[in-house]
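Structure, as structure tokens:
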Amino acid sequence: MNVRTPTTVAPGETRARSPLYWRYAVEPFVYLSPAVILITLVMLVPLVVGISYSFQSIAILNPLKTGWVGFDNYAALWSDGKFWTALGNTLWWTVASVTLQFGLGLGLALLLNRHFHFRRIVQALVFLPWAVPTFLSALTWAWLFNPVIGPIPHWLAALGILAEPENILGDPDLAMWGPIAANVWFGIPFFAITLLAALQSIPGDLYEAAEMDGASAWQCFTKITLPFLAPMIAITVMLRTIWIANFADLIFVMTGGGPANATQILSSYVFTTAFRKLDFGYASAIAVALLGLLLVYAAILLKIRQKFVKI
Amino acid sequence: MTTRSSPLLSAARYLALALYLGFALFPLYWLLKIALTPDQLIYTEGTRMLPTLTTLENFRTVVFQTPFLSYFRNSLVVSLGTAAVTTLIAAGAGYAFSRFRFRGKKLIIGLMLVTQMFPLLMIIAPIYKMVAALGMLNSLTSLIIVYTAFNIPFATFLMQSFFDGIPRDLEEAAMMDGCTRFQALRKVVFPLTLPGLGATLGFVFTAAWSELLFALMLINSNETMTFPVGLLTFVSKFSVDWGQMMAAGVLALIPSCIFFIFIQRYLVQGLTSGAVKG
């Protein structure tokens, strides 16, 4: 009957070791494992498969030439003028969108972080663009820029910015501003919401103390608000930059990359190559190039972040 | 923060808010205007601020003569499911990143960042093959799983930054008093992260609500089609029914709006509780 007595481990020993072991090796993974497993299966494994495509020729229109081709796709990329144009456009599109979204989003968050009448309803309304499906916002903005059915060209002409009410989406020099405007409209709430939430976690007594010491509003902003926001700013700006660089939906619906590739960014080029030319190998090579560039960007930003944020 | 401010400054503030409101709402107004304009006037009155005639015909057609209600239900199931599951998983992961130092942490964070850095187009073919091999094409569950994975990295970083903002002393005190870490998390930390959870839920919900590409690839039966794919059915090869499409778009905004208004409470909570003290 005395079966359950023999234990394999000396009790004293485990009791001394196990909490430490538990704390440093096991416990974090209890919280982490669902995330890690899901991401690995649904994103990382397919990513590896996707990267392997870039070393193959998988052109559906040219089925005789399938197979491993080494770095051929990348060599073709190097001498592809459209790739370099798209790279330049990606830079312009990303920098302009992120800067405007962040600046305006921070402004909005600061405005909303105080009491005024109808605050709740105003907040709900200004955040609304984020809830609009991308496809729909792209169409709406395409309408707004069309002089036949939208008011914007007429306003711009009245302000003297345009000589006549033309569709800027058809003008290679100006076309990029169309998707950028839509993107800023769509993206302001993102920064406003995350920054507002961060603002709300700043203890109010800090401002009281600063005020008692006679700090000006500007000093409060640079000495209290910004440092507290810094971790959130770092992470949101970095992620948002990466997303926007990859974000082709607006461009694809509004201009299709045209006119004359004036709005073709790398990720829309991936899309056209994959689904118009059905050349999956080459499309993968473009995507890998974009991934490489974004990795470098993130590495630089994380280094900078380490200097300023103590996490 | 109720600081004394000059009337000029607060006037400027209200003006700025009004500009933001105008910018945010005007495109939506235009959407609504097109949805309410009778078909024959869409082009002739294209740039008028107010249409001379309005009609609910487009809405009626969309609701009663197209399978839109079913698209809606599907989208709602997918978005709510994704938002709930993602937030739960991301809260765990964000908590681990915020509170523990462990081997492999940097590697995992790095890999999570990598998942954000390539066009999702790149993995669409491999994912399609996997889902097809599992026999899960045309199922809403597969969409929820895929969307959850896509949204976890950002949601995790977001939750981490919210946990970072909560002093460790609070849960350490609770653990001193005999709580396990999980109890401390549930009873002490969880109520404090409600605004963070609300924000995360909102982001994930809207992301899932408007995702088009994967819904298009993984679903092609009418019964499990989600709303954005359904919207595409209005762009047929021969004609685009703008009025109906915009009407459907307006209807599609309703759940997002309700959801946003719902999470407002949690976003605002932090502010109001701070203000009562100050």
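The values are calculated or read from the model by the stated rules, or taken from the named source; none is laboratory data. Just so it is clear, the model here is predicted, and its values are computed rather than measured. Cβ placement follows ideal geometry from the backbone for every residue including glycine, while neighbour counts extend to all protein chains displayed. With ligands, DNA and RNA removed, areas are computed over all heavy atoms of the protein, side chains included. Shrake-Rupley method; radii C 1.70, N 1.55, O 1.52, S 1.80 Å.
Can you tell me which residue within the range A:191-215, out of those that are in a loop (DSSP other than H, G, I, E, B) and more than 9 Å from chain B (Cβ to nearest Cβ), is surrounded by the most Cβ atoms within 10 Å (Cβ to Cβ)? Walk me through it before giving the result.
Step one: filter the range A:191-215 for residues in a loop (DSSP other than H, G, I, E, B), giving A:201-203, A:213-215.
Narrowing further to those that are more than 9 Å from chain B (Cβ to nearest Cβ): A:213-215.
Values: A:Asp213: 8, A:Gly214: 7, A:Ala215: 16.
If we take residues in the range A:191-215 being in a loop (DSSP other than H, G, I, E, B) and more than 9 Å from chain B (Cβ to nearest Cβ), then A:Ala215 is surrounded by the most Cβ atoms within 10 Å (Cβ to Cβ).
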Assigned to a loop (DSSP other than H, G, I, E, B) and either more than 8 Å from every other protein chain (Cβ to nearest Cβ) or crowded, with 21+ Cβ neighbours inside 10 Å (or both): which single residue out of A:Ile188, A:Ile161 fits that description? A:Ile161
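Tell me, which residue of the range A:266-282 that is of a type in the set (Ser, Thr, Tyr) and open to solvent by 20 Å² or more (accessible area, probe 1.4 Å) is modelled with the lowest pLDDT?
Within the range A:266-282, the first condition is being of a type in the set (Ser, Thr, Tyr), and the residues that meet it are A:267-269, A:272-273, A:282.
Subset that is open to solvent by 20 Å² or more (accessible area, probe 1.4 Å): A:272, A:282.
On the way: A:Thr272: 85, A:Tyr282: 89.
Out of the qualifying residues, it is A:Thr272.
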Every residue in the range B:201-249 that is at the interface with another protein chain (Cβ under 10 Å from one of its Cβ atoms), over 14 Å from B:Tyr71 (Cα atoms) and among the β-branched types (Val, Ile, Thr), please. B:Thr206, B:Val235, B:Val240
Selected residue (only one of A:Trp243, A:Trp143, A:Trp218 is part of a helix (DSSP H, G or I), within 12 Å of chain B (Cβ to nearest Cβ) and open to solvent by 50 Å² or more (accessible area, probe 1.4 Å)): A:Trp243
Are any residues in the range A:74-130 small (Gly, Ala, Ser), surrounded by fewer than 21 Cβ atoms within 10 Å (Cβ to Cβ) and assigned to a helix (DSSP H, G or I), and if so, which ones? A:Ala75, A:Ala76, A:Gly81, A:Gly88, A:Ala96, A:Gly103, A:Gly107, A:Ala124
Does the range A:287-300 include one or more residues that are in a helix (DSSP H, G or I), under 21 Å from B:Leu216 (Cβ atoms) and in contact (Cβ under 8 Å) with a residue 60 or more places away in the chain? yes
Would you pick out the residues in the range A:294-311 that are facing chain B (nearest Cβ under 9 Å) and under 24 Å from A:Asn183 (Cα atoms)? A:Leu294, A:Leu295, A:Tyr297, A:Ala298
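Residues checked against (1) more than 25 Å from A:Phe127 (Cα to Cα); (2) open to solvent by less than 50 Å² (accessible area, probe 1.4 Å):
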{"position": "B:Tyr14", "(1), (2)": "no, no"}
{"position": "B:Ala24", "(1), (2)": "no, yes"}
{"position": "B:Leu31", "(1), (2)": "no, yes"}
{"position": "B:Pro38", "(1), (2)": "yes, yes"}
{"position": "B:Val62", "(1), (2)": "yes, yes"}
{"position": "B:Gln65", "(1), (2)": "yes, no"}
A:His154, sole failed condition from (1) within 11 Å of another protein chain (Cβ to nearest Cβ); (2) surrounded by 20 or more Cβ atoms within 10 Å (Cβ to Cβ): (2)
Could you figure out which of (1) more than 9 Å from every other protein chain (Cβ to nearest Cβ); (2) out of contact with any Leu (no Cβ under 8 Å at 6 or more places or on another chain) isn't true of A:Ile233? (2)
Could you name every one of the helices (runs of 4 or more DSSP H) located completely within the range B:49-167 that has at least 3 residues being in contact (Cβ under 8 Å) with a residue 60 or more places away in the chain? B:57-65, B:68-99, B:124-133, B:140-164
Would you confirm whether any residue within the range B:164-183 is buried (at least 20 other Cβ atoms within 10 Å of the Cβ), of a type in the set (A, V, I, L, M, F, W, C) and in contact with a helix residue (DSSP H, G or I) (Cβ under 6 Å, 6 or more places away or on another chain)? no
Determine if the range A:77-87 includes at least one residue that is within 13 Å of chain B (Cβ to nearest Cβ) and at pLDDT 85 or above. yes
What are the residues in the range B:111-144 that are small (Gly, Ala, Ser) and open to solvent by 10 Å² or more (accessible area, probe 1.4 Å), if any? B:Ala125, B:Ala132, B:Ala133, B:Gly135, B:Ser139
